[in-house]
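Notes follow once the structure below has been shown.
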Amino acid sequence: MLRYLLNKIALLIPTLVGITICAFAFVRLLPGDPILAMAGEHGVTPARYEELKQQFGYNLPIWEQYARYVGEVVTGDFGVSISSKRPVLEEFKTLFPATLELSFFAMIFAMIIGIPAGIFAAVKRGSWFDQSLMGTALVGYSMPIFWWGLLLIIFFSGYLGWTPVNGRIDLQYFFKPITGFMTVDTLIYGKWAAFRSVLRHLVLPTIVLGTIPLAVIARQTRSAMLEVLGEDYVRTARAKGLSSARVIGVHALRNALIPVVTTIGLQVSTLLAGAILTETIFSWPGIGRWMVESISKRDYVVVQSGLLLIALVVMAVNLIVDVLYAVINPRIRAA
Amino acid sequence: MSQTEIAPMAAGSPDRLTGLKTFWHYFSVNRGAVIGLFVFVLLVLAALFAPLLAPYAPDVQDKTAFLRPPAWQDGGSTQYLLGTDPVGRDILSRLLYGARFSLLIGAVVVTLALTGGITLGLLAGYFRGWVDVAIMRVMDLILAFPSLLLALVMVTILGPGLFNAMLAIALVLQPHFARLVRAAVMAEKSREYVVAAKVAGAGHFRLMLATILPNCLAPLIVQGTLSFSNAILEAAALGFLGLGAQPPTPEWGTMLASAREFILRAWWVVTFPGLAILITVLAINLVGDGLRDALDPKLRRS
């Protein structure tokens, strides 16, 4: 197990180096002078320009510049945002829980509906339920989620007036964040009205962000289940006279879930890409909207470090999924 | 010359026509795929004949008809079947012209991604060694970023616009092709027909392109179809975020972006462009599913 883990970590090193090269190269690939680009629309005086050039080390050879950059990143220095003048890492820390909370609920939503629906469709293969579920899943998979979000706003917020249109919580509730997850924080403070407000804000973004994972998980569960149901050990279990529920729920499901876990892991990247769109539509104060806004504000320090931090998150999650995968699948551990 | 040709001939089907017939047989079993294909053909026709079909030019503004609702709703008229947008342009006409952009985006992106992916995948799978390691590490790197984020950053570097958006999306989708080709090449490389061609004196290029590649086509076609729909979705997303096609281009994602502020007042300006994206992507995905069933013998039997 330990060897497996170390092996996985060793494989990440070239990617890690690559990610830093990408983030490093980003600012230098921008059209025009990097210092002028980072200074934004206000521009700089020639004296300040020279000062910045020294400060950022643009007069050094490119290898030394890169070594310097890596040195900064390793010590946790991700630069200071041009627009807000706050350290980028600090901004990331306050915004990331919002994205994490939204992604968590979206994934739970996708799993709670997707897995049972996929199992049921596989068991009742060819039935009207199976066919309509697979049809719906394909529609979900083809969904432009930014449009889907707008449709839900038109119907639930505009027409029915049930849900708020933007943000994480109604403005009248204010408290100091403890964990950064508003569902948890409101419960810790014991503020029920605020908790309900948080949930009402969460519903639509959760559905929007969860739609594509839901479609993918339902399809994957169905096909994994179909494959397993044809295996010998399932036939043996049935022949032993076990109840249908036990055969499906225990013997088949355990093995069918292995590829489903992989699929869920692969959705992390999709989820973060989806978060960019979902957060933009619902004005959700997370890292997706942060990136889009920084690009439009030409705050390239934020874009550079955001790119790096998001790639690190994706890598970390993939590593966790690999470990989980080894835990549930003994065949991997042995190899 | 004739000697080297023996291998691919023997590997391919003896009669091309029978091959096509079997293909159509398996493809047409899938009702969804046939419907998807039908819708796709309609979309191509709509794109080709947009100037004939559209009642108005896509950028003509009618100053007397801002945000006119669709014909069947109170206040709508048959003059503008699907209503007008905030500056009085006919939505139906813009959607018809928009089909041109979406199909163009799909075609260009898939061509670029296929060309790049095939080249890199062939090189990696055929030569192995450090070539393989170098190419595949770069592919892993591209896949380490969320695709839309990487496309956004690329467009920031290249500058917003439809062509740059297509380049960025092609780069993001390309690793999937490279991985697929590499895996297929590695599987085929040690097969007898390849060894035979090698013994017969075929060079590297001939082996890669004429002998091995044609036998890796099936998964590529399926992946190409899926990438076609992905490209349309991603380009629309970039357009929606203001970094893809720029207004007044009647690209569907861009249309949605400029309609956003009117969503609670005029549902139709938001609904129709998105519906067009959904229908197009769905049709292509249906075709993709059908192609996979028809081209992949392993799945066919199940």
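Just a few scattered comments:
- Potential extension, residue A:44-residue A:62 segment - 0.36 nm per residue separation minus Cα distance: 4.2 nm
- Which listed pairs, of A:93/A:297; A:53/A:297; A:8/A:124; A:124/B:21, have C-alpha distances above 27 Å, in listed order: A:8/A:124; A:124/B:21
- Entry for the range A:134-283 at q = 0.11, 0.16, 0.19 Å⁻¹: log10 I(q)/I(0) = -0.62, -0.94, -1.08, Debye formula applied to identical alpha-carbon scatterers, no solvent contribution.
- For residue A:80, the amide hydrogen comes within under 5 Å of the amide hydrogens of A:88, counting only partners 5 or more places away or on other chains and with H modelled in the peptide plane.
- Efficiency of FRET between residue B:199 and residue B:128 - r from beta-carbon atoms, R0 22 angstrom, step 0.05: 0.65
- Most mobile listed residue (A:262, A:183, A:236) in chain A, GNM with C-alpha springs under 10 Å: A:236
- The long axis of helix B:16-29 is offset from the longest Cα principal axis of chain B by roughly 50 degrees.
- Note: relative contact order over chain B, using C-alpha pairs below 8 Å and six or more positions apart, is 25 percent.
- The residues neighbouring residue B:139, those whose beta-carbon lies less than 11 Å from its own, together hold a net charge of +1 under the Lys/Arg +1, Asp/Glu -1 convention.
- Gap separating the Cα centres of the range A:160-219 and the range B:214-282, nearest whole Å: 28 Å
- Taking label positions 7 Å along the Cα-Cβ direction at both residue A:238 and residue A:266, the computed distance is 2.8 nm, reported to one decimal.
- When its C-alpha radius of gyration is set against 2.2 N^0.38 Å (N residues), chain B gives a value of 1.19.
- Remark: the Cα gyration tensor places the protein assembly as shown in the rounded category, a/c being less than 1.5.
- Sites listed here are trypsin sites (Lys or Arg not before Pro) in the range A:128-196 whose DSSP assignment is loop and whose Cβ has at most 16 other Cβ atoms within 10 Å: A:191.
- Shielding by other protein chains, B:271-283, mean Cβ within 10 Å: 4
- Separation of alpha-carbon centers, the range B:127-206 and the range A:260-281, rounded to whole Å: 23 Å
- Inverse mean reciprocal Cα-Cα distance (Kirkwood Rh) of the range B:48-185, Å: 17.9 Å
- Taking B:28, A:305 and counting other C-beta atoms within 10 Å, the order from fewest to most: B:28, A:305
- The loop-placed chymotrypsin sites (Phe, Trp or Tyr not before Pro) in the range B:62-127, going by DSSP, that have at most 12 neighbouring Cβ atoms within 10 Å of their Cβ come out as B:72.
- Estimated [θ] at 222 nm from DSSP helical runs (n ≥ 4, -39500 (n - 2.57)) normalised by residues in chain B, nearest 500: -23500 deg cm²/dmol
- The helix-based estimate of mean residue ellipticity at 222 nm for chain A, built from -39,500 (n - 2.57) per DSSP H run of four or more residues and divided by its residue count, is -24500 deg cm²/dmol to the nearest 500.
- In the elastic network of chain B, a GNM with C-alpha springs shorter than 10 Å, the most mobile of B:226, B:171, B:81 is B:81.
- Acute angle (nearest 10 degrees) that the helix A:62-74 long axis makes with the longest principal axis of chain A, alpha-carbon atoms: 60 degrees
- Degrees, to the nearest 10: B:217-240 long Cα axis against longest axis of chain B: 30 degrees
- Checking every one of the chymotrypsin sites (Phe, Trp or Tyr not before Pro) in the range A:40-146 against DSSP loop status and a limit of 16 other Cβ atoms within 10 Å picks out A:58.
- Measuring r between the beta carbons of residue A:171 and residue A:89 and using R0 = 25 Å, the FRET efficiency lands at 0.40.
- Couplings for the range A:154-160, taken from phi via the Karplus curve 6.51 cos²θ - 1.76 cosθ + 1.60 with θ = phi - 60°, read 4, 7, 7, 8, x, 7, 8 Hz in order; Gly and Pro are left as x.
- Lysines with Cα under 22 Å of residue B:198, excluding same-chain neighbours fewer than 8 positions away: B:189
- Sorted by Cβ density within 10 Å, fewest first, the residues B:140, A:185: B:140, A:185
Coordinate-derived values only; no laboratory data. Just so you know, these numbers come straight off a predicted model, no measurement behind them. Note: ideal-geometry Cβ built from the backbone for every residue, glycine included; neighbour counts use all protein chains shown.
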